[in-house]
Amino acid sequence: IIYVENMALTALINGKRKVAEINNIDFKFSINCSLGGLKMNSWDLCSILGNLLDNAFEAVRKEKHHRLVKLDIDCSEGTYIMEVSNNGAKISKDQMDKLFEPGYTTKESVGRGYVLFLIEKLLDKYKGNIEVYSTDKTVFKIILPKGEGNRND
């Protein structure tokens, strides 16, 4: 069992490690700073990261060879930077423009397409934002202010 500073995040990471193992996914993670200044409740943190990791796992399942998903958490000049990346299929420019629209999905199933919309709303609550890049890998980058500016409700 891996332990990190936040108990809910500890549970999330250990659960996702098991999911990755079952699905033959190489799940790497690194937390390179203290999370003590993160003023976000654990439910919201785990909702954001858990959903991004679920999407990343789903994106790499179609890969025949090395399936890689990474979670990196760093601090830089008053901000937390959290990145979830994967080596699955790339997101096209057309898809990228619609990712955060409610109900938009790249999957072929009904009732999906709200996770990224809801993540964006949660990040608004904490004065954070999300950026997406899809070149050699797909990266969802979350930027959250430390301490002031975050609400802990």
(request) With θ set to phi - 60°, apply the Karplus curve 6.51 cos²θ - 1.76 cosθ + 1.60 along the range 21-30 and write out the HN-Hα couplings as whole Hz, x wherever there is a Gly or Pro. (result) 4, 4, 9, 6, 10, 7, 9, 10, 8, 8
(request) Determine how large the accessible area of K125 is when every protein chain is in place; take a 1.4 Å probe and give Å² rounded to the nearest 10. (result) 60
(message) Could you tell me the ratio Rg/Rh of the chain? Both radii from Cα atoms, Rh via Kirkwood.
(response) 0.95
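Multiply the residue gap between A8 and N41 by 0.36 nm, knock off their C-alpha separation, and tell me the result in nm, one decimal place.
Working: separation 33, 0.36 × 33 = 11.88 nm, distance 0.96 nm.
Separation in residues times 0.36 nm, less the Cα-Cα distance, equals 10.9 nm.
Stretch R17-R61 to full length: gain in nm at 0.36 nm per residue minus the Cα-Cα span? Provide the component values of the computation, followed by the final result.
On the way: separation 44, 0.36 × 44 = 15.84 nm, distance 1.48 nm.
Length gained between R17 and R61: 14.4 nm.
Considering all projection directions equally, how large on average is the shadow of the alpha-carbon convex hull of the range 13-89, in square nanometres? Before the final figure, lay out the partial values.
Values: hull surface 21.2 nm².
If you wrap the Cα atoms of the range 13-89 in a convex hull and average its projections, you get 5.3 nm².
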(request) Would you mind computing, in nm to one decimal, how far apart the modelled labels at K93 and K137 are, each placed 7 Å from Cα along Cα→Cβ? (result) 2.5
(request) Mind telling me which of M96, M40, M82 comes out most flexible in a GNM of the chain, alpha-carbon contacts under 10 Å? (result) M96
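Quick one: if the Förster radius is 25 Å, what FRET efficiency do T106 and D26 give, using the C-beta to C-beta distance and rounding to 0.05? Don't jump to the answer; show the numbers that get you there.
On the way: r = 22 Å, r/R0 = 0.90.
The formula returns an efficiency of 0.65 here.
Say the cut-off is 26 Å between C-alpha atoms; which of K90/K125; K18/K93; K90/K146; K98/K121; K39/K137 go over it?
Working: K90/K125 29 Å; K18/K93 33 Å; K90/K146 31 Å; K98/K121 15 Å; K39/K137 30 Å.
Check vs 26 Å cut-off fails for K90/K125; K18/K93; K90/K146; K39/K137.
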(request) Could you check which residue among N32, N86, N14 shows the biggest mean-square fluctuation in a GNM of the chain with a 10 Å Cα cutoff? (result) N32
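The values are calculated or read from the model by the stated rules, or taken from the named source; none is laboratory data. Note that the structure is predicted; figures quoted are calculated from it, not measured. Don't worry about glycine lacking a Cβ; one is built from the backbone with ideal geometry, like all the others, and counts go over all protein chains shown. To get the accessible areas, we keep the full protein, side chains included, count just its heavy atoms, and leave off ligands, DNA and RNA. Shrake-Rupley method; radii C 1.70, N 1.55, O 1.52, S 1.80 Å.
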